[in-house]
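Structure first, commentary second.
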Amino acid sequence: MRYAETGINLEIDLSRGSIDRVASDPRDTELYLGGLGTNAKILWDRVPPEVEPFAPENLLIFGAGLLCGTPATGCNRTIVSTISPQTKLMAFSMMGGFWAPELKYAGYDKVILRGKSPDLVYIWIKDDKVEIRDASHLQGKGATETAVQIRQELNEPKAQVAAIGLAGENRVYFASIEQGRSSASRLGLGAVMGDKGVKAIAVRGTGDINIAQPAEYLALCHEVLEYIKFRNQNPIPGVMTILQGLGSPQEMATHDEKWHTENFMWGNSRVRRRDFWTDEVKKAWTETMENMRTRLISCYNCPMKCGATISPPGKPTYMMKCFSKLTYTMAAMSDLDFGLKIAQHATEYGVDGFSTPQVMAFALELYENGILTDADLPGMPSDSEGRFYWLLDRIVRREGIGDVLANGTYWAAQEIGNGAEEYAHNNIKKHEQLPLKLSMLNPVYFLMYATGEKINITQIEGQFPQAPYPKREHREAFVKDWFQVPHEKFKQYFLDWEPRGENSNPYYPTVQMSCDIVDWQEKMHYIDDALGMCAGLSSFPLKPPYHIHNYPKFIASGAGIDMDEEKLSQAAKRYRTLVRAINIRRGMRRKDDKPPENHWKKRFPELEKELLDTYYKFKGWNHDGIPTKASLHELDLDYVSEDFVGRGILAAGDDAPLKENAAEKVPE
Ligand code: SF4
């Protein structure tokens with residue numbers, strides 16, 4: 001019997017119109033867990049590096065995490081994986097909400113799409129019954145609108161629907177997949193779904209999931225719930241409001257935006273407005289939020305209520321959470337009223353709330369600097385808000401300049417030329433990042449930005465505080481109940497971290513400490529992404545309820561897999577390395593492991609080199625960032641080394657890359 005997982009994947013070939021139920025190998029679950037881990041294994045096995053994002057051979061995998069559908073609080077993530085049109089590397093974006101548990105209850109762990117449908121279709125999964133249905137009547141419809149219509153026509157009000165909007169249909173590189181209470185937004189997954197001709201996947205399941213040791217498992221779940229209650233009543237002192245509690249940053253509940261508006265950058269990520277947050281602004285923004293926010297809402301089986309339904313006057317209701325509250329407002333140099341209204345359009349169109357505002361602000365900066373002219377933007381309104389609506393409409397329809405901008409700032413800048421590249425300044429691996437520009441280099445964040453392959457800093461950070469507490473007595477109080485640390489040494493790292501002087505950034509945390517901290521943080525995110533756990537209850541906040549000490553027990557009693565901390569760390573390292581191997585095979589190298597040039601004003605090239613050299617060694621990668629044969633062997637990934645040797649990425653006799661490949665980078 002399979003526990004926690006169903007052991008069945010749905011394979012749908014859209015070119016042939018075939019649907020197959022395929023049993024998965026339980027040995028793969030032991031080695032790669034589930035969710036991201038087994039998604040990566042499938043992509044490695046079946047999508048060779050020659051396959052382009054929009055080729056029929058590219059797969060789009062919707063993987064429910066290993067523990068999704070079990071009673072574990074907050075375990076509801078769908079990990080959507082493919083080859084990204086934006087980066088041409090592996091994409092894995094998480095979707096919360098209700099979709100993954102519903103898929104499990106229908107009897108499947110993953111939906112794997114391949115090929116391309118000649119006509120627009122949607123997929124309807126109800127337990128054993130799976131159909132590919134005509135979606136021509138849904139063409140051009142909004143993502144939320146589509147979900148509503150599908151539920152109505154199926155007469156299935158409880159169906160969970162993941163859908164794309166117009167942006168996905170038109171293969172906008174930052175198109176999202178929307179799912180009512182969450183979305184898989186980053187890296188253009190919606191564009192791949194649109195390219196495959198799939199408007200939506202609707203699912204309803206009425207089955208159940210087996211738990212290996214139900215009594216033990218429920219006791220663990222109960223402990224987690226108790227701890228969440230405790231943390232909700234005891235916010236962490238000494239850190240900014242949004243980092244004090246659990247869950248996604250509580251942007252829907254909080255009205256105090258002093259920190260974001262005065263520290264993050266406005267416009268095209270270049271302007272800081274240090275005195276922006278006045279009493280008048282606070283009053284106006286609070287009123288706006290209270291008038292438009294109709295309800296706080298949670299994902300499946302979670303008490304945290306990180307999201308909210310937003311009902312702008314005269315517009316349909318939509319769901320919002322986290323920093324997307326501010327992205328449109330700040331990019332357009334406008335106010336919250338505008339941000340909440342345009343986000344309704346953007347959600348229906350199905351676009352990423354981080355990239356889209358940056359792309360539009362980038363276009364306006366090019367216009368202000370004469371690189372784009374009136375001839376490129378015919379009929380564009382003169383006011384900032386009007387321009388944003390105008391640009392958004394053109395981007396999702398790929399009309400005129402919108403067709404160029406729809407490929408994101410990196411590719412658009414290449415196409416526009418004439419100095420536009422300089423304005424695409426906030427990218428990592430060709431992908432837009434948080435609009436944050438700082439002064440002093442932080443060695444931990446340098447490594448996370450440079451080497452992260454989720455390519456989104458908020459999904460790498462967590463666990464270790466972002467800044468030192470000013471006084472030692474406060475640091476001592478912080479570490480007292482910090483039981484989540486994998487090793488006591490992390491407490492000492494934090495205790496000795498000072499805001500100024502010898503033990504401060506950029507040389508403290510030291511290079512070795514930085515490697516330890518980044519590895520811990522990254523590991524927790526990768527574990528979450530395999531189990532389907534929301535990062536908001538594990539890898540992202542300080543002192544979370546799920547951690548390296550209780551996760552093995554969840555896996556053992558839930559999935560019936562013999563597990564301890566060491567085995568779990570090894571499994572996470574295995575599929576983390578496999579993700580890197582997929583990207584290395586697609587041409588990624590050391591040259592691509594870097595933060596945006598202007599992320600910090602004060603840079604330290606020698607220190608940065610040492611950080612990267614040491615971290616690569618620590619991870620078992622060679623000088624060029626390629627996993628070595630020895631480290632691959634230790635992780636049972638000999639098939640990866642054989643492939644690397646066959647392709648000339650590693651030489652047969654040693655771990656050094658072949659000379660002609662050493663400087664290779666992501667294909668242009
Ligand atoms: S913590 Fe928030 S984002 Fe995470 S599952 Fe719960 S409600 Fe959803």
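The values are calculated or read from the model by the stated rules, or taken from the named source; none is laboratory data. These numbers come from a predicted model, not from an experiment. Methodologically, a virtual Cβ is constructed for each residue, glycine included, from the backbone with ideal geometry; neighbour enumeration extends over all protein chains shown. For the accessible areas, the whole protein counts, side chains as well, though only heavy atoms, and no ligand, DNA or RNA atoms are used. Shrake-Rupley method; radii C 1.70, N 1.55, O 1.52, S 1.80 Å.
Listing for the model above:
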item	result
Arg274/Gln414 FRET efficiency (R0 41 Å; Cβ-Cβ; nearest 0.05)	0.75
Label point distance in nm, Gln213-Ala467, each placed 7 Å from Cα along Cα→Cβ	4.4
Å² of accessible area per residue within the chain, as computed with a 1.4 Å probe and no ligands counted	36
Carbon and sulfur %, accessible surface of region 494-608 computed with the full protein complex present, 1.4 Å	49
Asp335 accessible area, 1.4 Å probe, all protein chains in place, Å² to nearest 10	70
Potential lengthening between Leu438 and Asp636 on full extension [0.36 nm per residue; Cα-Cα distance subtracted]	67.2 nm
Estimated FRET transfer efficiency when R0 is 41 angstrom, pair Asp564-Ala375 (beta carbons, to 0.05)	0.05
Helical mean residue ellipticity (222 nm; -39500 (n - 2.57) per DSSP H run of 4+; nearest 500) of the chain	-12000 deg cm²/dmol
Paramagnetic reach from Thr294 in region 144-159 [backbone N under 19 Å; point 7 Å along Cα→Cβ]	144-152, 157-159
Val148 versus Lys129: modelled label distance in nm, points set 7 Å from Cα along the beta carbon direction	2.5
Violating pairs (Cα-Cα greater than 23 angstrom) within the set Lys325/Lys429; Lys104/Lys158; Lys104/Lys429; Lys429/Lys602; Lys430/Lys617; Lys88/Lys141	Lys325/Lys429; Lys104/Lys429; Lys430/Lys617; Lys88/Lys141
Distance between modelled label sites at Glu502 and His474, nm, 7 Å Cα→Cβ extension	2.3
Proximal lysines relative to Lys471, as straight alpha-carbon distance under 22 Å, when same-chain residues fewer than 8 apart are discounted	Lys480, Lys489, Lys491, Lys543
Highest-first arrangement of 85-91, 221-227, where packing means the average Cβ count within 10 Å	85-91, 221-227
Charge dipole of region 491-591 about the Cα centre (unit charges at C-beta), most positive-ward option of Met588, Ala556, Gln570	Met588
Contact order normalised by residue count of the chain, Cα under 8 Å, 6+ apart, percent	15
Within straight-line cross-link reach of Lys321, lysines at Cα separation under 16 Å, skipping those fewer than 8 residues along the same chain	Lys305, Lys341
Net length gained if the chain between Ser15 and Glu368 were fully extended (0.36 nm per residue, minus Cα distance)	122.5 nm
Computed over region 1-91: relative contact order in percent, which uses C-alpha pairs under 8 Å that are six or more apart	23
